[in-house]
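Only one structure is covered here, and it is reproduced in the block below.
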Amino acid sequence: MDPFETLLDIEQNCKAYAVNIPRQIVTERDWLGIGFKSSDYNFVCIMDEVSEVLRWPPMTHVPGSQPWFKGIANLRGRILPVTDLQGYITGKPHAHNALSRVLVTQYENAFYGFAVEQVLGIERFFGEEVKPAESINAIKSYMPYINGAFERDYKPWIILNFGTIIQTPEFYHILSVKTEAA
């Protein structure tokens, strides 16, 4: 048998014994997100909401600021205010460690940094997996910022919306002491 006939024979055998692989149908409701930990829960946000993931950057502390406001960082010449996500929402700051990261998001031409316990990576979710926010048992203080949840391996992945946090008036009250007018 010549080499060409051998290849044809191999191809026919492959086709005859091939297992049909199910086709994955992608719908408009399917999306990619950045997974991260906060308050020992798994969260996810839409990939488009995060422009960058940073290791803990050097920051300048703002005197008199709230404990959840970590400070100001320099992001390639741009001012980046950094907020401890868990500290802001629950009042209990997370302990900064080697796994801590800052998720950078842009809203109305300004950048904001949210410090989280750990970034878990890129996750793909399918639209039919989404459950309403009310169906999950998350910390109640996170509820105003939650758009729903997914379940993977019997653990919820809570969909968090940074834009909703940024639009909250309390988010801009970083000073813990009132300044007196001169």
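The values are calculated or read from the model by the stated rules, or taken from the named source; none is laboratory data. Since the structure is predicted, the reported quantities are computational estimates derived from the model, not experimental observations. Positions of Cβ are backbone-derived with ideal geometry, glycine not excepted, and every protein chain shown enters the neighbour counts. Surface areas here come from the heavy atoms of the whole protein model, side chains and all, with no ligands, DNA or RNA. Shrake-Rupley method; radii C 1.70, N 1.55, O 1.52, S 1.80 Å.
On full extension, the segment bounded by L175 and M1 gains 54.3 nm, given 0.36 nm per residue less the C-alpha separation.
Using Cα pairs under 8 angstrom and six or more residues apart, how large is the relative contact order of segment 70-132, in percent?
Across segment 70-132, relative contact order equals 27 percent.
Computed about the Cα centre, the dipole magnitude for the chain is approximately 880 debye when only Lys and Arg (+1) and Asp and Glu (-1) carry charge, each at its Cβ.
Between rounded, prolate and oblate, where does segment 42-81 land on the alpha carbon gyration tensor, with a ≥ b ≥ c its root eigenvalues, rounded for a/c under 1.5, else prolate if a/b exceeds b/c?
Values: a/c = 2.58, a/b = 1.50, b/c = 1.72.
In terms of gyration-tensor shape, oblate.
Looking at the chain alone, DSSP beta bridges between its own residues are antiparallel in about 85 percent of cases. Between Q12 and L32, the contour length at 0.36 nm per residue exceeds the alpha carbon distance by 3.4 nm. Starting from the Cα gyration tensor of segment 30-105, take the square roots of the eigenvalues, sort them a ≥ b ≥ c, and report rounded, prolate or oblate (rounded when a/c is under 1.5, otherwise prolate if a/b is larger than b/c, else oblate). Oblate, since a/c reaches 1.5 and b/c is not below a/b.
Note on H94: accessible area is roughly 20 Å² with a 1.4 Å probe, heavy atoms of protein only.
Remark: spin-label model distance E52-I122 equals 1.9 nm, labels positioned 7 Å along the Cα→Cβ axis.
With contacts taken as Cα pairs under 8 Å at a separation of at least 6 residues, the chain carries a relative contact order of 23 percent.
Give the whole-number value, in cubic angstrom per residue, of the convex hull volume spanned by the C-alpha atoms of the chain. Provide the component values of the computation, followed by the final result.
Working: hull volume 37.9 nm³, N = 182.
In the chain, the Cα convex hull volume per residue is 208 Å³.
With helices as the sole contributors, the chain gives -4000 deg cm²/dmol at 222 nm; each DSSP H run of n ≥ 4 counts as -39500 (n - 2.57), and the sum is divided by every residue.
Students sometimes get this wrong: rank K140, K131, K155, K92 by accessible area, probe 1.4 Å, all chains present, largest first.
Ranked from most to least accessible, the order is K140, K92, K155, K131.
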